[in-house]
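The values are calculated or read from the model by the stated rules, or taken from the named source; none is laboratory data. A quick note: this is a predicted structure, and the numbers were derived from the prediction, not measured. When the accessible area is computed, the model is the full protein with side chains, heavy atoms only, and any ligands, DNA or RNA have been set aside. Shrake-Rupley method; radii C 1.70, N 1.55, O 1.52, S 1.80 Å.
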Amino acid sequence: MSDIPSDLRYAESHEWISQEEEGVVKVGISDHAQGQLGDLVFVELPEEGETFGRGDACAVVESVKAASDIYCPVSGEIVVVNEALADTPEIVNNDPYGDGWLFSVKLDDPGELDELMDAEAYREHLDES
């Protein structure tokens, strides 16, 4: 069973969200997602200052198996990207909820967080798929 930290929120498309500071969240992909992708060989992150709507494709991860879009789980502006992933994308495989985070977003609408799944709902989502 995949690791599913209880202090995070989750999107159906397997991104996780953690509250960093007022109005800013950190985004990554779940342990389940990185496991399905396999060994990552490249990560293309959005540019700082870009804005995305909830559900917009905003990044790409490439593994030895396939390339997959990463979707912005909330609307807002990219304020920080994880530069370390440019040289070592495998960090996402080794530590998806820690050093393998992808980017931080300044929220347009903090209420969107309430529309994301908690750990229990995400676990049920995985069981159903």
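Of the candidates 123, 54, the single residue that is open to solvent by 50 Å² or more (accessible area, probe 1.4 Å) and part of a loop (DSSP other than H, G, I, E, B) is 54. Please determine, by comparing only the residues of the range 20-45 that are in a loop (DSSP other than H, G, I, E, B) and within 12 Å of the chain's Cα centre (by Cα), which one is nearest to residue 98 (Cα to Cα). Going through the qualifying residues, I end up with 30.
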